[in-house]
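Here the structure comes first, spelled out in structure tokens, and everything after it is commentary.
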Amino acid sequence: MNGIIIVNQAIGHNQYKIDRFKEEFSKRNISIDVFVNDGTLAVIKDNNVNIKLPKADFVLYLDKDIYLAKLLDKAGYRLFNRPSFIKLCDDKMLTFIECANKGIKMPKTISGPLVYFDLQEDNFKFLDDVIKELGFPMVVKRVYGSLGEGVYLVKDKNELMSVYKEIARNPVIFQEYVKTSKGKSIRVLIIDGKVFGSFIRKNKYDFRSNFGDAADSEILQNSSKYEAFAQEIADKLQIEYAGIDLLTYENDEPILCEINSNAFFEEFEKVTGLDVAKAFADMVVRKVKEHE
């Protein structure tokens, strides 16, 4: 058995994942080759998908490039995670649409209209309805982003107008601000469809728990209701691997913040002492053998 790791050119925190995955798979005598997604790995040629990679039993896809993921999938490679799930998580609005009507508690969410040209006065009129629905403060997010980037807390209409002018050419969502979870979120890790563990992140300097170097993480006490809620999400979305981020609503009830298909786990392993890479490798090997 052999596998491939695909990683973005900005390797960053993925280096830890690469090293840990290679370590765990080597214990199983499974070779892993690492390739950087630099735009040279695939082409549609002679009406067919042509992949410039060796054959492999599986691909650990540590990137968010949905186009290469779908090309690999169409060429018969088994990706962890699958392209459809990567897309679902990377697009925050798609995440909330998918979770809607499934009994999953979420913040009130409004999708901003797509903007193709320079903003005109009429483009701002809908913000009055957004304000009426959400009030202030409210959260404004770029649909695509990670590590707290592109997430804004706006306190009045002037701030809302200013932020929207800045990011309107990107897909945008507007959300209820969950003030009871200011600077605090809970990460629950799902592996092989089951809750693997959880921890809590806190940031006393910012409303975003995962933003900057000031965030601290610790073991989550009394985690059962949060893990049960995350398991419900995992079951309803048929998740193989993900980091589910939760906020704490009134009476410390869990509410969905976002789902990360390519969740980093360096911090998770250090805080919890749990071996994520081993559990992930076990899942991959089992699923590949079942498919064969």
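Got a number for residues in the stretch 176-186 being crowded, with 19+ Cβ neighbours inside 10 Å and touching a helix residue (DSSP H, G or I) at 6+ places or on another chain (Cβ under 7 Å)?
Summing the residues that are crowded, with 19+ Cβ neighbours inside 10 Å and touching a helix residue (DSSP H, G or I) at 6+ places or on another chain (Cβ under 7 Å) in the stretch 176-186 gives 1.
Which ones in the stretch 90-125 are surrounded by 14 or more Cβ atoms within 10 Å (Cβ to Cβ), of a type in the set (A, V, I, L, M), in contact with a strand residue (DSSP E or B) (Cβ under 9 Å, 6 or more places away or on another chain) and in a helix (DSSP H, G or I)?
Listed by number, the list holds a single entry, Met93.
Would you tally the residues in the stretch 234-247 being out of contact with any strand residue (DSSP E or B) (no Cβ under 8 Å at 6 or more places or on another chain) and surrounded by 20 or more Cβ atoms within 10 Å (Cβ to Cβ)?
Counting residues in the stretch 234-247 that are out of contact with any strand residue (DSSP E or B) (no Cβ under 8 Å at 6 or more places or on another chain) and surrounded by 20 or more Cβ atoms within 10 Å (Cβ to Cβ) gives 0.
Starting from residues that are assigned to a helix (DSSP H, G or I) and hydrophobic (A, V, I, L, M, F, W, C), keep the ones in the stretch 50-68 and report whichever is nearest to Asn37 (Cα to Cα).
Selected residue: Leu68.
Among the candidates Phe35, Phe25, Phe80, which residue alone is touching an Asp or Glu at 6+ places or on another chain (Cβ under 9 Å) and among the aromatic types (Phe, Trp, Tyr)?
Only one candidate passes the filter, namely Phe80.
Which members of the stretch 219-233 meet the condition of being at pLDDT below 90 and either charged (D, E, K, R) or surrounded by 12 or more Cβ atoms within 10 Å (Cβ to Cβ) (or both)?
Leu220
Return a yes/no flag: does the stretch 205-218 have any residue that is loosely packed, with under 14 Cβ neighbours inside 10 Å, touching a helix residue (DSSP H, G or I) at 6+ places or on another chain (Cβ under 9 Å) and under 21 Å from Val276 (Cβ atoms).
Scanning the stretch 205-218 turns up at least one residue that is loosely packed, with under 14 Cβ neighbours inside 10 Å, touching a helix residue (DSSP H, G or I) at 6+ places or on another chain (Cβ under 9 Å) and under 21 Å from Val276 (Cβ atoms).
Are any residues in the stretch 52-72 over 23 Å from Phe280 (Cα atoms) and surrounded by 18 or more Cβ atoms within 10 Å (Cβ to Cβ), and if so, which ones?
Within the stretch 52-72, just Leu71 meets the criteria.
In the list Lys141, Lys87, Lys165, which residue meets the criterion of being over 23 Å from Tyr249 (Cα atoms), charged (D, E, K, R), in contact (Cβ under 8 Å) with a residue 40 or more places away in the chain and not in a loop (DSSP other than H, G, I, E, B)?
Working: Lys141 fails: over 23 Å from Tyr249 (Cα atoms); Lys87 fails: in contact (Cβ under 8 Å) with a residue 40 or more places away in the chain.
Going through Lys141, Lys87, Lys165 in turn, just one is over 23 Å from Tyr249 (Cα atoms), charged (D, E, K, R), in contact (Cβ under 8 Å) with a residue 40 or more places away in the chain and not in a loop (DSSP other than H, G, I, E, B): Lys165.
Can you tell which of Ser181, Ser224 is out of contact with any Leu (no Cβ under 7 Å at 6 or more places or on another chain) and at negative phi?
Working: Ser181 fails: out of contact with any Leu (no Cβ under 7 Å at 6 or more places or on another chain).
Exactly one of Ser181, Ser224 is out of contact with any Leu (no Cβ under 7 Å at 6 or more places or on another chain) and at negative phi, namely Ser224.
Take the conditions in contact with a Leu (Cβ under 6 Å, 6 or more places away or on another chain) and either assigned to a helix (DSSP H, G or I) or over 27 Å from Ala277 (Cβ atoms) (or both) and apply them to Leu71. Does it pass? Walk me through how you get there before you give the answer.
Working: in contact with a Leu (Cβ under 6 Å, 6 or more places away or on another chain): no; either assigned to a helix (DSSP H, G or I) or over 27 Å from Ala277 (Cβ atoms) (or both): yes.
Against the criterion (in contact with a Leu (Cβ under 6 Å, 6 or more places away or on another chain) and either assigned to a helix (DSSP H, G or I) or over 27 Å from Ala277 (Cβ atoms) (or both)), Leu71 does not qualify.
Return only the number of the condition from (1) under 17 Å from the mean Cα position of the chain (by Cα); (2) under 28 Å from Ile11 (Cα atoms); (3) surrounded by fewer than 18 Cβ atoms within 10 Å (Cβ to Cβ); (4) of a type outside the set (A, V, I, L, M, F, W, C) that Lys270 does not satisfy.
Only one criterion in (1) under 17 Å from the mean Cα position of the chain (by Cα); (2) under 28 Å from Ile11 (Cα atoms); (3) surrounded by fewer than 18 Cβ atoms within 10 Å (Cβ to Cβ); (4) of a type outside the set (A, V, I, L, M, F, W, C) is unmet by Lys270, namely (1).
Checking the condition within 17 Å of Asn260 (Cβ to Cβ) and under 14 Å from the mean Cα position of the chain (by Cα), which residue from Met106, Met93 passes?
Checking each option against the conditions leaves just Met93.
The values are calculated or read from the model by the stated rules, or taken from the named source; none is laboratory data. Every value quoted in this text rests on a predicted model; they were computed, and no experiment measured them. Heads up, the Cβs are rebuilt from the backbone with ideal geometry, glycines too, and the neighbour counts pull from every protein chain shown.
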